[in-house]
Amino acid sequence: MKIVILTGSPHHPGTSEQLADAFEETVVQNGNEVYRFDAGRRVNEFSLLQLEDDHAGMEVALHPDDVVENEVLPKLIDADLVVLVTSLYYYGVNAALKAIIDRFYAYNHELHGGKQAVTLVSGYGDDDAFASLNLYFQQLLDYMRWQPAGSVLASGAWNDEKLQQHVKEASILGQQFK
């Protein structure tokens, strides 16, 4: 399989990064082709979606070396599985990952359908703190017509013992992709 892992947290090593690492290690061991983009640590390499002020709905040309345009989106278009990894930020996706998701806009037709998706989320709250983020991911996957293929919700990630249980869950989830 061709797998694209998109992470958003700038924290290294962070809780969501540990989930992504465990998942990635397992799918690589299973012989999958993996491309990973850690958006939170590379925000200076890409532009946010911008629109022309005098032409509503018209996009501004991006800088020619924009990594999302030149590297991430081509890999995403070819992917069989998309893995979205975030920490819970004020009940939603962190800003760097959201900026990448917003860039899907220009490639809606190429990205719609034919993919599976996994979500890996860490946060310090209880399970109910993740309700709006879970709804967001459900709506995003429905809109993109991507088949949900599993998730790990690492609530209470501040507790290292609980976090390590969730890291193991991410590794076990990765075992199904061969």
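The values are calculated or read from the model by the stated rules, or taken from the named source; none is laboratory data. This structure is a prediction, so every number in the text was calculated from the model and none was measured. Because the Cβ atoms are built from the backbone with ideal geometry, glycine has one as well, and the counts that use them run over all protein chains shown.
Can you tell me which residues in region 85-133 are in a loop (DSSP other than H, G, I, E, B) and of a type in the set (D, E, K, R)? Matches in region 85-133: D126 only.
Any residue in region 65-79 that is at pLDDT below 85 and either loosely packed, with under 12 Cβ neighbours inside 10 Å or under 14 Å from the mean Cα position of the chain (by Cα) (or both)? Checked against the condition, which is being at pLDDT below 85 and either loosely packed, with under 12 Cβ neighbours inside 10 Å or under 14 Å from the mean Cα position of the chain (by Cα) (or both), region 65-79 yields at least one hit. Checking each residue in region 93-126 for being at pLDDT 90 or above, closer than 21 Å to P10 by Cβ and either of a type in the set (S, T, Y) or loosely packed, with under 14 Cβ neighbours inside 10 Å (or both) picks out T119, S122. Assessment of region 134-148 against the conditions (under 15 Å from G14 (Cα atoms), out of contact with any Cys (no Cβ under 6 Å at 6 or more places or on another chain) and part of a loop (DSSP other than H, G, I, E, B)) yields no matching residue. Of the residues making up region 151-170, those that are within 18 Å of A117 (Cβ to Cβ) and modelled with pLDDT of 95 or more are S151, V152, E169, A170.
Return a yes/no flag: does region 151-169 have any residue that is closer than 24 Å to K75 by Cβ, under 13 Å from the mean Cα position of the chain (by Cα) and touching a residue at least 60 places away in the same chain (Cβ under 8 Å). Yes, the conditions are met somewhere in region 151-169. Restricting attention to region 103-118, the residues that are over 15 Å from the mean Cα position of the chain (by Cα) and without any contact (Cβ under 8 Å) to a residue 40 or more places away in the chain add up to 7. Here T86 passes the criteria (1) modelled with pLDDT of 90 or more; (2) under 13 Å from the mean Cα position of the chain (by Cα); (3) over 18 Å from L141 (Cβ atoms); (4) not acidic (D, E) except the one numbered (3). Report yes if some residue within region 146-160 is more than 18 Å from E24 (Cβ to Cβ) and of a type in the set (D, E); otherwise report no. Yes, there is a match, as at least one residue in region 146-160 is more than 18 Å from E24 (Cβ to Cβ) and of a type in the set (D, E). Among the residues making up region 136-178, a single one is among the charged types (D, E, K, R) and buried (at least 18 other Cβ atoms within 10 Å of the Cβ): E169.
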